[in-house]
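A short worksheet on the structure shown next.
What follows draws every value from the coordinates through simple rules; no lab data is involved. Fair warning: this is a prediction, and the values are worked out from it, not measured in the lab. In this analysis, Cβ positions are derived from the backbone assuming ideal geometry, glycine residues included, and neighbour counts consider all displayed protein chains.
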Amino acid sequence: MEENKRVQRVELLSSEGEVIIIDREVANRFERLKELLGANDFLYFPNTRSLILRKLLTWSFYHKYDPGPRNDDDSTSWYTEFFAVDQGTLLELMEAACFLDLPRLVNIAQGLRIIQ
């Protein structure tokens, strides 16, 4: 019985060799990640830095329950802080979001690339 109550974890390995451990429930929020993991508990991202993986997870937590974009002052400051990165990082974030099928993140990042 105790075995069933344990939280299942998965490990994401970045291109720098850092292992990021997350709950499988969190990983399953990303349909593409869920597909890639299958029954495995480990996934290697040879072209994705730890910073980018962490930002994708941050995005996932922020948008866990909302059905669409937010327009209040709190979310405006959150987005400003989240996207306060250089152009190279923004491009990496866009590519990883595209790979993991996060269209809202891709669309916003693309708009920022044009503006900056």
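With charges set only on the Cβ (+1 for Lys and Arg, -1 for Asp and Glu), what does the dipole of the stretch 1-62 come to about its Cα centre, in debye to the nearest 20?
Magnitude of the dipole: close to 220 debye.
Please work out how much length the chain gains when fully extended from A84 to K64, using 0.36 nm per residue of separation minus the C-alpha to C-alpha distance, in nm with one decimal.
Here the answer is 5.1 nm.
With a point put 7 Å past each Cα toward its Cβ, work out how far V19 is from D41 in nm, to one decimal.
In this crude label model, V19 to D41 measures out at 1.0 nm.
Which FRET efficiency value, to the nearest 0.05, do you get for E95 and V7 by plugging their Cβ-Cβ distance into 1/(1 + (r/R0)^6) with R0 = 41 Å?
Efficiency for this residue pair is about 0.85.
For a quick check: with amide H placed at 1.01 Å from N, whose amide H comes under 5 Å from L102's, ignoring anything fewer than 5 positions away on the same chain?
Distant-sequence amide H within range of L102: zero hits.
Can you tell me the order of 77-88, 100-111 when each peptide is scored by its average per-residue count of other Cβ atoms within 10 angstrom, highest first?
100-111, 77-88
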